[in-house]
Amino acid sequence: MYPYFRSPSSIWQRMDRLQREMNRVFDQALETRSNPSGYPAVNIYAAENGLVLHAELPGFQAENLDISINGETLTLSGERFAESIPEEAHYHRQERGIGKFSRTIKLPYTIEADQVQAELKNGLLTLTLPRAKTDLPRKIAVNH
């Protein structure tokens with residue numbers, strides 16, 4: 001007889017284990033699809049003089065964030081620390097991530113790095129990224 005068919009209870013235990021594993025795989029796949037580009041989730045839109053970036057960073061403090069710009073590349077990194085709970089307490093569920101992150105985003109044009117403004121309010125980071133003057137389109141006069 002095949003080793004997989006030792007006893008009816010063994011079959012159901014294996015099926016249960018297989019189902020749990022498949023659920024775990026699908027949960028991870030859905031999590032990746034909901035935020036495929038990384039953490040944190042960002043929105044970037046073009047404004048009159050450049051770009052505006054919004055990043056969701058709940059639970060972060062401004063002093064634990066690092067923002068750098070090099071040409072057309074923006075790097076956002078930081079660290080969120082574990083919250084303190086009473087020593088005798090034990091987690092029932094712990095879903096909020098802690099630790100370091102780093103995300104690099106390619107921007108559509110060069111930014112004036114020394115004029116960038118950043119504000120962290122209610123867990124939303126807003127970056128105002130002015131377009132570099134040297135990168136602005138220029139009108140070329142045609143001689144006749």
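The values are calculated or read from the model by the stated rules, or taken from the named source; none is laboratory data. Since the model is a prediction, treat every value here as computed from it, not as a measurement. Please note: Cβ atoms are built from the backbone with ideal geometry, for glycine as well, and neighbour counts cover all protein chains shown.
What the table below lists for this structure:
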{"read-out": "Answer from 132, 89 - the residue that is of a type in the set (A, V, I, L, M) and surrounded by 11 or more Cβ atoms within 10 Å (Cβ to Cβ)", "value": "132"}
{"read-out": "Filtered residues of the stretch 126-144 (kept if part of a loop (DSSP other than H, G, I, E, B) and either aliphatic (A, V, I, L, M) or on the phi > 0 side of the Ramachandran plot (or both))", "value": "132, 136, 140, 141, 142"}
{"read-out": "Residue pairs meeting the criteria (Cβ under 6 Å; at least 6 apart or on separate chains; first farther than 18 Å from residue 77 by Cα and buried (at least 17 other Cβ atoms within 10 Å of the Cβ), in the stretch 106-120; second among the polar types (S, T, N, Q) and at pLDDT below 95)", "value": "none"}
{"read-out": "Index of the failed condition, residue 123 passing every other in (1) touching a residue at least 60 places away in the same chain (Cβ under 8 Å); (2) on the phi > 0 side of the Ramachandran plot; (3) over 17 Å from the mean Cα position of the chain (by Cα)", "value": "(3)"}
{"read-out": "Residue count for the stretch 90-129, restricted to those that are at pLDDT below 95 and touching a helix residue (DSSP H, G or I) at 6+ places or on another chain (Cβ under 6 Å)", "value": "2"}
{"read-out": "Contacts under 6 angstrom Cβ, first residue in the stretch 68-85 being more than 16 Å from residue 113 (Cα to Cα), partner in a strand (DSSP E or B), 6 or more apart", "value": "77/66; 77/102; 78/65; 79/100"}
